[in-house]
1. So is L200 open to solvent by 40 Å² or more (accessible area, probe 1.4 Å), out of contact with any Ser or Thr (no Cβ under 8 Å at 6 or more places or on another chain) and modelled with pLDDT under 95 or not?
2. Quick check on this structure: which one of R255, R260 is away from the ligand (no atom under 11 Å from the Cβ) and either open to solvent by 40 Å² or more (accessible area, probe 1.4 Å) or under 23 Å from L18 (Cβ atoms) (or both)?
3. For F444, which of the numbered conditions (1) buried (at least 16 other Cβ atoms within 10 Å of the Cβ); (2) in contact (Cβ under 8 Å) with a residue 12 or more places away in the chain fails to hold?
4. Any residue in segment 212-226 that is in the same structural domain as N86 (by TED's automatic domain parsing), aliphatic (A, V, I, L, M) and either without any contact (Cβ under 8 Å) to a residue 24 or more places away in the chain or away from the ligand (no atom under 15 Å from the Cβ) (or both)?
5. Just for segment 267-298: of the residues that are part of a loop (DSSP other than H, G, I, E, B) and not hydrophobic (A, V, I, L, M, F, W, C), which one is nearest to Y463 (Cα to Cα)?
6. For a quick check of your reading of the model, give me the residue pairs whose first member lies in segment 380-400 and is farther than 15 Å from N336 by Cα, whose second is part of a helix (DSSP H, G or I) and of a type in the set (K, R), with beta-carbon atoms closer than 9 Å and at least 6 apart or on different chains.
Amino acid sequence: MKHVVIIGAGMGGLATALQLRYKGFRVTVLEKQARPGGRSNIIQERGFRVDIGPTILVMKDEFERTYRAFGEDINQRLDFIQLDPNYRIYYHDGTHLDLYSNMAQLAEEIEKVEPGSRERLFRFIGAGARKYELGMDFVDRNFDAITDLANPIAGMRLWQTQAHQNLYAQVAGFFNHNDKLTKAFSFHSMFLGLSPFDALAMYSLITYADLALGMWYPRGGIYRIIEDMVELSEKMGVEIRTNSPVDQICIEQQRVTGVRLASGEFIPADLVISNADLPYTYRKLIDPTHRPHFPDRKIERMQYACSGYILYLGVDKVYPHARHQALYFSADYRANLDAIFKTYTLPAEPSFHLNIPTVSDPSLAPPGHSLIYVLAPMPNLQADIDWEQSAPIVRNQLLGTLEKLIDPEIRRHIVWERQYLPTDWETDVNATLGTAFGSLAQGFFQSSYFRPHNKDRHIRGLYFVGQGTYPGIGMPMVMISSRLVTERVVSEWQ
Ligand SMILES: Cc1cc2nc3c(=O)[nH]c(=O)nc-3n(C[C@H](O)[C@H](O)[C@H](O)COP(=O)(O)OP(=O)(O)OC[C@H]3O[C@@H](n4cnc5c(N)ncnc54)[C@H](O)[C@@H]3O)c2cc1C
């Protein structure tokens, strides 16, 4: 039986482990942290259970397909709640807009902002559907040669949808240049580490996926998925070793022989799949003599995604008027994005993602309490920001805005609090430059065929899974990545 070692028990590592075990491989997963999950980890303290990173999922069908690939039905194992509205958008002028998945309700909402925009919304959604179809042609497949990109139908769709245009400008065209609606229908590219002012219009496919395919939350939080995969690993015979950081991928004659742990232990393997950040894996785990095709200067030239500051609050109060999920757009939205993506400076007034999961799932906090998660996108560690000094400033700004949006007395009600800094992503999961959602920004030249591939063609037996390889960032993409690498490994090693 071939032995596969997987470096990292992130969602991608676990999903691949289960699929390969199901196909008959012996699988060992080595995780540096004390608990599996990677970016999808958890803090459990004082009766609060908070997801550290991802909080909601879209493209639920990708999770269903992945579970089916190891013989399980995710809907039988976890209890999903559909959020509707998906988000409440708070604007700095005190107004708000609810983004519903229900199209009739959504149309009603946006009519209040810009009368006559109903028709424009339907046209925008239709164009989003075509971009989604176009995108999936390049997302759900392994690439071997650049000619794999040649696809006449996709070319026609690209032309029809003008997906190569600028995202913000194209969305503005749909909504009569109404600033509020343009922001509400274009911010999603930030989840891929791209400013909507710089991203391709192609990425309104994420907005489409959010609105048309729905937004889901597993009761108990995203970490329930990790817990479930760990439980299945035990049942199916996948070995997961935590507190086991890998120090080196061992290679002889350009062929993987195993890995060496930081403890010095050597673990032999027929093949190694790294779920750790891809640029980190090349730079830190593979001796430069084995990778003239992937030198440090190539790693340095790559475009890296943004990071984030997160504040987690437990408060002794409930907020029935609040939504499970919201966004706040600061007064100078453009300056905020430029600080994150262009000037690498601390934003003067941060925009943020607000998640209050206890609105739908009170089990995450003691009775009568709420859990509040505030994620403010920040520049990655290329920025010269001293986080020890800056964190209290950002915390104070975020609390100041929460006083306006949620509760003027919120500070008095905080009974538990934690934060997560850009430096923590680097320390905890070896995220290159402390990048949060994923390491490599998803610009055109770091997407599909142009993103690093899931197989190293110069080192036999070395593969990748997760956000660093294709298709890219976010849990649904990571699910697809796990299926693609499994397909490759099975076809080449079985
Ligand atoms: C704040 C935040 C919010 C997000 N929100 C969402 C969301 O709402 N929806 C969504 O779909 N996505 C979201 N994402 C993105 C999503 O979480 C990630 O894209 C996805 O979880 C990445 O999974 P992965 O398997 O590729 O890798 P990771 O989760 O990065 O896992 C990699 C694993 O490798 C381990 N590792 C690293 N180096 C070593 C080593 N040397 N030895 C052993 N182990 C090692 C790490 O500890 C880690 O466990 C969010 C991310 C963040 C950070």
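The values are calculated or read from the model by the stated rules, or taken from the named source; none is laboratory data. Predicted, not measured: the structure shown is a model, and the values here were computed from it. Because the Cβ atoms are built from the backbone with ideal geometry, glycine has one as well, and the counts that use them run over all protein chains shown. Areas reflect the complete protein model, heavy atoms only, side chains present, ligands, DNA and RNA absent. Shrake-Rupley method; radii C 1.70, N 1.55, O 1.52, S 1.80 Å.
1. Working: open to solvent by 40 Å² or more (accessible area, probe 1.4 Å): yes; out of contact with any Ser or Thr (no Cβ under 8 Å at 6 or more places or on another chain): yes; modelled with pLDDT under 95: yes.
Yes, satisfied.
2. Details: R260 fails: away from the ligand (no atom under 11 Å from the Cβ).
Residue meeting the stated conditions: R255.
3. Against the list (1) buried (at least 16 other Cβ atoms within 10 Å of the Cβ); (2) in contact (Cβ under 8 Å) with a residue 12 or more places away in the chain, F444 comes up short only on (1).
4. yes
5. Ranking the qualifying residues of segment 267-298, first place goes to N275.
6. Cβ pairs passing all conditions: L399/R411.
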